[in-house]
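So the structure is just underneath, and the comments pick up after that.
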Amino acid sequence: MSSRKLTKPFRYAIGMFGTSIPINMFKTYAAAFYVIQKGVTTEQFAQVLFLYTFLDALDNPVYGFLSDRTRTRWGRRRPWLVIGTPLLALCFIAFFNIPAFVSGTGIFPYMLLMYMLTGTLDSLINANYGALFPELFKSDAERAKTNAMRQAFQLVAMVISIALTPIVTEKLGYGNTSIVYGILAVIVILYCSLGCHEREIEETGEKPRLWDTLKVMLTNPKFWMFGFANAFYSAAMALVMQAVPFFVQYTLGLEAAASTILLGSVLFLSMGGVAVWAIIVKKYTVMPVWRAALISLAAAFIPLYFANSLVSAIIASCLVGLGFAGAITTMDLIGARIMDEDTRKHGLRREGTYASAMGFMNRLSGLFTSLAFLLVSRLYGFVSGEVPGPQPGEAARFLLTIFPFAVMLISVLFSRFLSFPDDKAALSAGQQAVE
């Protein structure tokens, strides 16, 4: 194996800022934009989330498999990132810029189409970006350092694209805001991609086979335990981000600026919490800390349920942010361990397929979030911003606290079934053999 340039952790980590900027606005404010402002019903929105989950089931393994088999002078992952990023930005911008000729009943099919395109291109970007992490950084120390930087960039992006977006859209509107975020994402992801130096793989080297890869992966119980724990956790946080504007407007009866305050409380506490959780990981190892983080996040929804003012909601939101920080600090480290075990056992580099499959399990959360919006329609009569039903405040509280608490309990349960042996020596030897 020929020598290669080393990738600077900063250059890779900043890519998380670029990937997070558009998709966080997309996932967080799709409901607020189309349900509250454009008259799409909650049941129609639930249909979009439900249908997209099945598209995700197909596109994620395909993207990862194609990435693993790609052989170019620029690497396996970079060509996909360079080509896919501008396409993602264009579809994201189109999602929030409905053409003038689309109106009335045409808004729903337009939303469905653009949601599918934006979502699948996000899968393409994240499958390749995620696959670079275990490949570029091999030791636990390197990964912990790089992942801490990566999550810090993600949280900065979330502050901008989630917490500040209500203020920005009041000034610029959703359409212009999406243009600014889309251009920023393209610049940052390309900067990251062009600075990542992948490990060279010989043209004559064995390429992963699709069915063999799927068989190994789908019969790996660790993949399923981690995947479901991640999916239920992701559903909880996705609902938190989407439900805050509903909670502020219908439960607290406040202006949009309060959404910025609540979301900012979650994210700023998370930014500080990542460093604390990283220290705890070094002291106690990743698995028990991961489980503790999930438990603390689940518990935080209890005081949030009883919040009835901006002050009490801020305090409870800080507790949510603390648990969220622990989850993002540890989640990717566990995924990397599962990929390492596969590489050591089978002698093939299949990070792309694993990263995309884990991405699909993460996006499986769409099934649960769609169920939440369906239930809020059936249980509380909340149809849309035009027809909020008799209990819009309780409907918003259900989306923000009750359903997320339930799915977090399930996430904690799955985490109890995942464990790793103390195999640092074997892991190091296996990596050296593969390299």
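List every residue pair whose Cβ atoms sit under 6 Å apart, with the two residues 6 or more apart in sequence or on different chains, where the first one lies in the stretch 39-61 and is within 12 Å of Ser384 (Cβ to Cβ) and touching a residue at least 40 places away in the same chain (Cβ under 8 Å) and the second, anywhere, is surrounded by fewer than 21 Cβ atoms within 10 Å (Cβ to Cβ) and among the charged types (D, E, K, R). If the second residue must be surrounded by fewer than 21 Cβ atoms within 10 Å (Cβ to Cβ) and among the charged types (D, E, K, R), the pairs left are Gly39/Glu386. Restricting the first member to the stretch 267-291 and to residues that are under 20 Å from Ala163 (Cβ atoms) and touching a residue at least 12 places away in the same chain (Cβ under 8 Å), and the second to residues that are of a type in the set (S, T, N, Q) and assigned to a helix (DSSP H, G or I), the beta-carbon pairs closer than 7 Å and six or more apart or on different chains are Val274/Gln151; Val274/Thr329. Just one of (1) over 26 Å from Ile189 (Cα atoms); (2) without any contact (Cβ under 8 Å) to a residue 12 or more places away in the chain trips up Ile36, so point out which. It fails just one condition, (2).
Candidates are the residues of the stretch 60-90 that are under 22 Å from Asn24 (Cα atoms) and of a type in the set (Phe, Trp, Tyr); the one that is surrounded by the fewest Cβ atoms within 10 Å (Cβ to Cβ) is Trp80. Would you check if Ile83 is closer than 30 Å to Met217 by Cα and out of contact with any Asp or Glu (no Cβ under 8 Å at 6 or more places or on another chain)? The answer is yes for Ile83.
Yes/no matrix, rows are residues, columns are (1) over 30 Å from Val286 (Cβ atoms); (2) surrounded by 23 or more Cβ atoms within 10 Å (Cβ to Cβ); (3) of a type outside the set (Ser, Thr, Tyr):
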{"site": "Phe92", "(1), (2), (3)": "yes, yes, yes"}
{"site": "Ala100", "(1), (2), (3)": "yes, no, yes"}
{"site": "Ile107", "(1), (2), (3)": "yes, no, yes"}
{"site": "Leu113", "(1), (2), (3)": "yes, no, yes"}
{"site": "Ala127", "(1), (2), (3)": "no, yes, yes"}
{"site": "Ala131", "(1), (2), (3)": "no, yes, yes"}
{"site": "Asn147", "(1), (2), (3)": "no, yes, yes"}
{"site": "Ala152", "(1), (2), (3)": "no, no, yes"}
{"site": "Ser178", "(1), (2), (3)": "yes, yes, no"}
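Restricting Ala316, Ala300, Ala238, Ala243 to those that are surrounded by 18 or more Cβ atoms within 10 Å (Cβ to Cβ), under 30 Å from Phe65 (Cβ atoms) and not charged (D, E, K, R) reduces the list to Ala238.
Of note, Ile302 does not satisfy the criterion of being more than 23 Å from the chain's Cα centre (by Cα), without any contact (Cβ under 8 Å) to a residue 40 or more places away in the chain and not in a loop (DSSP other than H, G, I, E, B). Take the residues in the stretch 154-172 that are crowded, with 21+ Cβ neighbours inside 10 Å and not polar (S, T, N, Q); name whichever of them is nearest to Met287 (Cα to Cα). For the stretch 154-172, the residue satisfying everything is Leu155.
So, Thr118, is that one part of a helix (DSSP H, G or I), more than 26 Å from Thr329 (Cβ to Cβ) and either hydrophobic (A, V, I, L, M, F, W, C) or modelled with pLDDT of 80 or more (or both) or not? Give the derivation first.
Numbers: part of a helix (DSSP H, G or I): yes; more than 26 Å from Thr329 (Cβ to Cβ): yes; either hydrophobic (A, V, I, L, M, F, W, C) or modelled with pLDDT of 80 or more (or both): yes.
Yes: the conditions hold for Thr118.
One residue is enough: does the stretch 249-256 have a residue meeting the conditions crowded, with 19+ Cβ neighbours inside 10 Å, among the aliphatic types (A, V, I, L, M), assigned to a helix (DSSP H, G or I) and in contact with a helix residue (DSSP H, G or I) (Cβ under 9 Å, 6 or more places away or on another chain)? Within the stretch 249-256 (the criterion being crowded, with 19+ Cβ neighbours inside 10 Å, among the aliphatic types (A, V, I, L, M), assigned to a helix (DSSP H, G or I) and in contact with a helix residue (DSSP H, G or I) (Cβ under 9 Å, 6 or more places away or on another chain)), the answer is no, since none of the residues qualifies. Within the stretch 145-162, the presence of at least one residue that is modelled with pLDDT under 90, of a type in the set (Lys, Arg) and closer than 24 Å to Phe324 by Cβ is confirmed. For the stretch 312-337, give me each residue that is among the small types (Gly, Ala, Ser) and either touching a Pro at 6+ places or on another chain (Cβ under 9 Å) or free of Cβ contacts under 8 Å to residues at least 12 places away in the same chain (or both). The answer is Ser312, Ala316, Gly335, Ala336. Residues that are of a type in the set (Gly, Ala, Ser) and either over 22 Å from the mean Cα position of the chain (by Cα) or farther than 17 Å from Ala127 by Cα (or both) within the stretch 38-86 comprise Gly39, Ala46, Gly75, listed in sequence order.
Results for (1) of a type in the set (S, T, N, Q); (2) closer than 20 Å to Leu297 by Cβ; (3) modelled with pLDDT of 90 or more, shown as yes or no for each residue.
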| residue | (1), (2), (3) |
| --- | --- |
| Gly366 | no, yes, no |
| Ala372 | no, yes, yes |
| Tyr380 | no, no, yes |
| Gly385 | no, no, no |
| Pro388 | no, no, no |
| Ala395 | no, no, yes |
| Ile402 | no, yes, yes |
| Ser415 | yes, yes, yes |
| Glu435 | no, no, no |
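Residues are listed down the side, and each one gets a yes or a no for (1) under 12 Å from Glu43 (Cα atoms); (2) among the polar types (S, T, N, Q); (3) in contact (Cβ under 8 Å) with a residue 40 or more places away in the chain; (4) surrounded by fewer than 24 Cβ atoms within 10 Å (Cβ to Cβ):
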residue	(1), (2), (3), (4)
Leu364	no, no, yes, yes
Leu374	yes, no, yes, yes
Arg378	yes, no, no, yes
Phe382	yes, no, yes, no
Gly385	no, no, yes, yes
Gly389	no, no, no, yes
Pro392	no, no, yes, yes
Thr401	no, yes, yes, no
Phe405	no, no, yes, yes
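The values are calculated or read from the model by the stated rules, or taken from the named source; none is laboratory data. Given the structure is predicted, the values throughout are model-derived calculations rather than measurements. Positions of Cβ are generated from backbone atoms using ideal geometry, with glycine treated the same way; all protein chains shown enter the neighbour counts.
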